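Below is one structure; the comments refer to it alone.
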Amino acid sequence: MNDTPDTRQQILEAAMQRIKHYGYGKTTMSEIAKDCGMSAGNIYRFFASKLDIAEAMARKFNAEMYQSYAAIAREKTPAPERLRKYFDFSMRHTFDTIEQEAKILEVAEVLSEERPLFFNEQMAQERVYLVQVLEDGMRDGVFRRLDRPEETAEFMQAALMKFRFPQLFSHLTLPKLKRELDGVLDLLLAGLSADAKVP
């Protein structure tokens with residue numbers, strides 16, 4: 001393999017294919033290097049560890065998610081509808097990805113344990129789009145005035161965490177998860193509505 005700007009991406013693609021097939025725990029750096037036609041020592045010039053490769057995989061997945069979140073946040077539909085669409089997309093996309101590539105769940109589990117700051121960063125980025133929708137809803141008079149929309153977005157994420165990473169937190173089917181998600185969103189949106197009062 002040539003030492004080009006694409007080498008890192010080629011290593012990542014090879015690693016993703018192997019991890020999807022064999023799982024994170026059963027994949028070694030030397031096997032990834034062999035798949036790339038390079039020495040095991042050389043691969044460390046691009047990734048310091050297998051955990052760094054796992055994080056790079058997650059970042060690639062998240063970048064695609066962020067594009068979808070941004071598109072939902074920009075839609076010209078009512079804010080409550082966009083919030084429902086945001087969380088529904090998030091749940092379905094993650095659920096479907098893990099159903100199709102079951103070994104990816106192992107990567108998520110390892111990262112949640114070994115790289116908690118990465119997950120914090122991810123949730124902070126996702127809040128950017130939630131805050132945009134909340135601010136649109138306040139401006140349009142659909143949501144009550146929120147003194148700290150960033151904090152409200154954080155609380156929403158906490159309340160809906162089970163649905164962001166569904167297979168990490170439950171073994172429910174997608175229809176059952178969808179029923180629960182709709183119910184929790186009903187409660188949250190009622191609390192956000194323009195005439196709602198905090199008891």
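The values are calculated or read from the model by the stated rules, or taken from the named source; none is laboratory data. Everything quoted here is computed from the prediction, not taken from an experiment. Cβ placement follows ideal geometry from the backbone for every residue including glycine, while neighbour counts extend to all protein chains displayed. Each accessible area value is taken on the protein alone, full model and side chains, heavy atoms only, with ligands, DNA and RNA left out. Shrake-Rupley method; radii C 1.70, N 1.55, O 1.52, S 1.80 Å.
Under the criterion of Cα pairs below 8 Å and six or more residues apart, the relative contact order for the chain equals 21 percent.
Put a dot 7 Å past the Cα of R139, heading toward its Cβ, do the same for R164, and the two dots end up 2.5 nm apart.
Short version: what are the Cα gyration tensor semi-axes of the range 96-184, square root of 5 times each eigenvalue, largest first, in whole Å? The partial results should precede the final answer.
Numbers: eigenvalues 155, 61, 19 Å².
Value: 28, 17, 10 Å, ordered largest first.
Solvent-accessible area assigned to carbon and sulfur over the range 23-170 amounts to 51 percent, based on a 1.4 Å probe.
Within a straight-line Cα-Cα reach of under 23 Å, K176 can be paired with the following lysines, leaving aside sequence neighbours fewer than 8 residues apart in one chain: K85, K103, K162. Only Cα pairs under 8 Å and 6+ residues apart enter the sum, and on that basis the relative contact order of the range 129-199 stands at 36 percent. For the chain, the calculated P(r), taken from all Cα-Cα distances in 10 Å bins from zero up to the bin holding the longest distance, is 8, 31, 29, 18, 10, 3, 0 percent.
Taking all protein chains into account, the per residue accessible area for the chain stands at 55 Å² (1.4 Å probe).
Give me the angle, in degrees from 0 to 90, between the Cα long axis of helix 149-159 and the longest principal axis of the Cα atoms of the chain, rounded to the nearest 10. It works out to around 70 degrees. What longest range of the chain stays clear of loop-exposed trypsin sites (Lys or Arg not before Pro) (DSSP non-H/G/I/E/B, at most 11 other C-beta within 10 angstrom)? Looking at the chain, 1-75 is the longest stretch - no exposed trypsin sites (Lys or Arg not before Pro) with at most 11 other Cβ atoms within 10 Å.
Over the C-alpha atoms of the range 1-68, the Rg to Rh ratio, Rh being the Kirkwood estimate, stands at 0.97.
In the range 45-157, Cα pairs under 8 Å separated by at least six residues give a relative contact order of 29 percent.
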